[in-house]
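In what follows, a structure is listed as structure tokens, so that the remarks can point back to it.
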């Protein structure tokens, strides 16, 4: 079993991918579904690496900009952010309940939980918009001071990623409600779920960054 | 995420699906190639205008006034116009030529074939990647035509010049905004491309194509994709911050107390121009390797093929590529020795920079080792590959000077640097592209390029680029500053004006020689002799299929690889080359 194969299998804990002959070591051969599924996971991890680099760059800018100047004044952050955090974590949990339901063969429960997770994702975005609104009302705009600049940039970059995640959730949801969940869609389900968990973890990281240093 | 490639492909019907919004990696590769070809002529024209202005700073040219009624009023270029030509020359060449052709062009066409795949892993993403790049080019070109014209902050877009808005120069209004937007869009396209390259290479290799049986071209495309993935993500983040500084008044990069063109800039405070330099060069240095690595891959492939010898030290080559890629992320500070950085940091960056010399030297010596005692066939593509080695060494040696902080303080803002990076990043990479073009054209278009024309083009270009860029090193030694549009009134540089004239003439002649290439390219596409499947007696998978390849590359057959990529002149073998797909017995005879 090659590296990418076992890695995806461990993370998924879902329907096992078809056997892979060689993986990294030997050139498995492009044999239809198996390689498509593997390639999708590789593509996903590469995408996650790219997103991580974007936020690593922003974090390093954040730390440097904060350390270099004397104009950084801590931002009074709206408490609704904690509610949003709980909503997002909940959406990840529900998403995995949904995947477990699918694994157990319970399609209708899968559809229900997946829809709930999608709704929670949209709720998070609305909650973020509400947090922005509160900051605006309190007179903190993007150019007010560097702390508010970074707050808006980081939350907006995360929200931008999340829009992509919600689009993927909706896509799966529509396919599921139309009873179109063939084997290829299982890959879409797993890819979407892993990406969503990544965005969830990313948000927790941003919360720590913003509250500790922001 | 787009749907991955499936085993069964059907060739699309209709012009639009076949040639415009094609999902076929081969068509997309050719699209990238021609996008790069268009861009290189735009970039070259800009450089000719710069060379003309530098030696004729006060000449009045009537059609300049027609193109730029304000920036060249009366037909005389303003210094600001010169700077905007410089900025756009650098930007278009680096992003839309050096990044696009070797990786996205040749890589798209040949990576799937060389590893025995039917297409890229995500064909729809591949198509989107090309059209996003196209959009980025359109936005970049549009910067010429907005009010104030193209930006003048250089391809590195250092703030405050690039951040403070219109007040810093005519092109710093909408022109600079479009520049940043274009680069951001380009970053997105490159990320899509990188995802495709990595997933394809990791997961779609055919049976028997182990990593250590991959042609070195594939290794360089893989490492380039990783560099692009990590580098462009950072540039994207930096670009967004710069755009916010310009448009909504944040102060990420703009310090307080700026006084520009007799005006105090009051609405920014506390930002750090150095922060931009760090973020930019964290991308910018790996970008150098993005440009040059695929050229190294092509050169390795060609030196082996046309010496009829296995590549000397295949494994060492692979490890050298990997270590160049890794070290490339640790040396960005050597672009910033002038920024007043801590001398200890400078020393660390200088030491790491010297370390890159080691894998670079490994590659060079292995190339020489490959040539040694070979039966060298001096085809045009081989000549360009040899030219690549020559330029890589020349440009690399001047890099050792610039990597020393003490020397860089003197050289940094002189023509020495211009000579250095044009040799190693510009012309060497271009030679890699020419080598690739002459080698792969028969496969791509099913016809042969004209060899005599190719050789004339090679010799003119080879002598030409040395004539243009060698004198720059001497200009740097005498302290000729770069980025200036006019030296006619600088007393201590009076003696070098003839050198500048010589370089300008060399540039005109070298540029004219490129017409030979274009004629050869388009004429051969229609009228060249029909190419056989394997005109060069090469070993890699693309030469095992017809020229040009069928829609899904292997006509539904799954190729099986039994040999390494460079089995030339194997003792006991019936021919002096063993194809990677040949049955294993051929090898056992040896």
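The values are calculated or read from the model by the stated rules, or taken from the named source; none is laboratory data. In this text the structure is predicted, and so the values were computed from the model without any measurement. Counting neighbours? That spans all protein chains shown, and the Cβs are built from the backbone with ideal geometry, glycine included.
Miscellaneous remarks
- Just one residue in the set B:411, B:431 is farther than 22 Å from residue B:293 by Cβ and buried (at least 21 other Cβ atoms within 10 Å of the Cβ); that residue is B:411.
- Verdict on residue A:132 being crowded, with 21+ Cβ neighbours inside 10 Å and either in contact with a helix residue (DSSP H, G or I) (Cβ under 6 Å, 6 or more places away or on another chain) or in a helix (DSSP H, G or I) (or both): no
- Checklist (1) in contact (Cβ under 8 Å) with a residue 60 or more places away in the chain; (2) buried (at least 17 other Cβ atoms within 10 Å of the Cβ); (3) outside any helix (DSSP H, G or I) applied to residue A:76, failing item: (2)
- Residue A:29 vs. criteria modelled with pLDDT under 50, in a loop (DSSP other than H, G, I, E, B) and in contact with a strand residue (DSSP E or B) (Cβ under 6 Å, 6 or more places away or on another chain): yes
- Restricting the stretch B:51-77 to residues that are surrounded by 18 or more Cβ atoms within 10 Å (Cβ to Cβ) and without any contact (Cβ under 8 Å) to a residue 60 or more places away in the chain leaves a set whose member that is nearest to residue B:510 (Cα to Cα) is B:64.
- Flag for residue B:69 being over 18 Å from residue B:41 (Cα atoms), touching a strand residue (DSSP E or B) at 6+ places or on another chain (Cβ under 7 Å) and not in a helix (DSSP H, G or I): no
- Among the residues of the stretch A:159-168, those identified as without any contact (Cβ under 8 Å) to a residue 60 or more places away in the chain and in contact with a helix residue (DSSP H, G or I) (Cβ under 9 Å, 6 or more places away or on another chain) are A:159, A:162, A:163, A:164, A:165, A:166, A:168.
- Whether a residue is touching a residue at least 12 places away in the same chain (Cβ under 8 Å) and either exposed (fewer than 15 other Cβ atoms within 10 Å of the Cβ) or within 14 Å of another protein chain (Cβ to nearest Cβ) (or both) was assessed, and residue A:98 does not pass this test.
- Flag for residue B:139 being in a helix (DSSP H, G or I) and either modelled with pLDDT under 95 or in contact with a strand residue (DSSP E or B) (Cβ under 9 Å, 6 or more places away or on another chain) (or both): no
- Complete set of residues in the stretch B:112-124 that are farther than 16 Å from residue B:555 by Cα and within 22 Å of the chain's Cα centre (by Cα): none
- Sole exception among (1) buried (at least 19 other Cβ atoms within 10 Å of the Cβ); (2) touching a residue at least 40 places away in the same chain (Cβ under 8 Å); (3) farther than 26 Å from residue B:513 by Cβ for residue B:27, by number: (2)
- Among the residues listed as B:330, B:254, B:229, B:244, the single one being under 26 Å from the mean Cα position of the chain (by Cα) and either surrounded by 22 or more Cβ atoms within 10 Å (Cβ to Cβ) or assigned to a helix (DSSP H, G or I) (or both): B:229
- Scoring residue A:105 on the criteria (1) more than 19 Å from the chain's Cα centre (by Cα); (2) in a helix (DSSP H, G or I); (3) exposed (fewer than 15 other Cβ atoms within 10 Å of the Cβ) leaves a single failure, condition (2).
- Positions within the stretch B:538-570 being in contact with a helix residue (DSSP H, G or I) (Cβ under 8 Å, 6 or more places away or on another chain) and not in a loop (DSSP other than H, G, I, E, B), in sequence order: B:541, B:542, B:543, B:568
To keep it simple, each residue is scored yes or no on (1) at pLDDT below 95; (2) on the phi < 0 side of the Ramachandran plot.
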site: A:156; (1), (2): no, yes
site: A:175; (1), (2): yes, yes
site: A:179; (1), (2): yes, no
site: A:184; (1), (2): yes, yes
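- In the stretch B:96-125, the residues that are more than 14 Å from chain A (Cβ to nearest Cβ) and either surrounded by fewer than 24 Cβ atoms within 10 Å (Cβ to Cβ) or in a loop (DSSP other than H, G, I, E, B) (or both): B:99
- In the stretch B:220-260, the residues that are within 11 Å of chain A (Cβ to nearest Cβ) and free of Cβ contacts under 8 Å to residues at least 40 places away in the same chain: B:229, B:241, B:244, B:248, B:249, B:250, B:251, B:252, B:256
- Residue count for the stretch A:135-169, restricted to those that are surrounded by fewer than 20 Cβ atoms within 10 Å (Cβ to Cβ), within 21 Å of residue A:213 (Cβ to Cβ) and more than 14 Å from chain B (Cβ to nearest Cβ): 1
- Selection status of residue B:130, under 30 Å from residue B:538 (Cβ atoms) and in a helix (DSSP H, G or I): yes
- Looking across the stretch A:42-72, the residues that are within 7 Å of chain B (Cβ to nearest Cβ), buried (at least 21 other Cβ atoms within 10 Å of the Cβ) and closer than 15 Å to residue A:213 by Cα come down to A:58, A:61, A:65.
- Extreme residue, nearest to the other protein chains (Cβ to nearest Cβ), among residues of the stretch B:264-277 that are assigned to a helix (DSSP H, G or I) and either touching a helix residue (DSSP H, G or I) at 6+ places or on another chain (Cβ under 7 Å) or over 18 Å from residue B:341 (Cα atoms) (or both): B:275
- Residue in the stretch B:196-217 that is away from chain A (no Cβ under 14 Å) and either touching a helix residue (DSSP H, G or I) at 6+ places or on another chain (Cβ under 9 Å) or closer than 28 Å to residue B:320 by Cβ (or both) present: yes
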